[in-house]
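The block underneath contains the structure these notes are about, expressed in structure tokens.
The values are calculated or read from the model by the stated rules, or taken from the named source; none is laboratory data. Source: prediction; values computed, not measured. Neighbour counts run over all protein chains shown; Cβ positions are idealised from the backbone, glycine included.
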Amino acid sequence: LRATPIYSTTTKVIVDSRTTGPGDELFYEGLGTSSAEIDTEVQIIKSRKLLERVVERLDLVLVPEFNPSLLADDSGPSFMGNVFSFLGGIFSGDDSDTSGGEALSEQELAERRFATASGILSGKIGVARFGATFIIDITVSGEDPQLAADIANTIADEYQVDQLNAKLEATERS
């Protein structure tokens, strides 16, 4: 039995609390310097909604590390495949292969694989404030160092998209 190496990568996001122009006052109103406000941003980064966008953007359902059904060979699922499937079922709220005793449709299987990939991703990330700063560290661990880096960067990108959309909505309201 060989152990699979696990790689970790970290990217940093700066939470900007400045007001620099028209409309920014509305966007940044309420985003001050308190620890609770930065902690809220940490929770947004870890949110299921944001992570689902990362799964979709990077097609993680096509990656065996995030889709245990791809780990199966001709002799059936591997031990790790069974473990990941069980963990994914816990995160998605469903650990069975059938619904009411009937086989799942292709759509239901796709939704389940997506939920499983999102759940597995959630278990592979760490998001934390860096000291008493406006910097948030996003750490991703995985079997492929390049994929871990891509995931960390995509999480940061999706968070920034959320922030820009919120800013745009605030500007449109003003």
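The residues on offer are SER85, SER78, and the sole one that is over 28 Å from THR10 (Cα atoms) and modelled with pLDDT under 95 is SER78.
Looking at region 33-54, is at least one residue surrounded by fewer than 18 Cβ atoms within 10 Å (Cβ to Cβ), part of a loop (DSSP other than H, G, I, E, B), touching a helix residue (DSSP H, G or I) at 6+ places or on another chain (Cβ under 9 Å) and at pLDDT below 70? Looking through region 33-54, none of the residues is surrounded by fewer than 18 Cβ atoms within 10 Å (Cβ to Cβ), part of a loop (DSSP other than H, G, I, E, B), touching a helix residue (DSSP H, G or I) at 6+ places or on another chain (Cβ under 9 Å) and at pLDDT below 70. Quick one: is SER96 among the polar types (S, T, N, Q) and at pLDDT below 55? Here the answer is yes, as SER96 does meet what is asked. Candidates in region 139-174 are the residues that are among the acidic types (Asp, Glu), closer than 30 Å to PRO5 by Cα and surrounded by 16 or more Cβ atoms within 10 Å (Cβ to Cβ); of these, the one that is farthest from the chain's Cα centre (by Cα) is ASP150.
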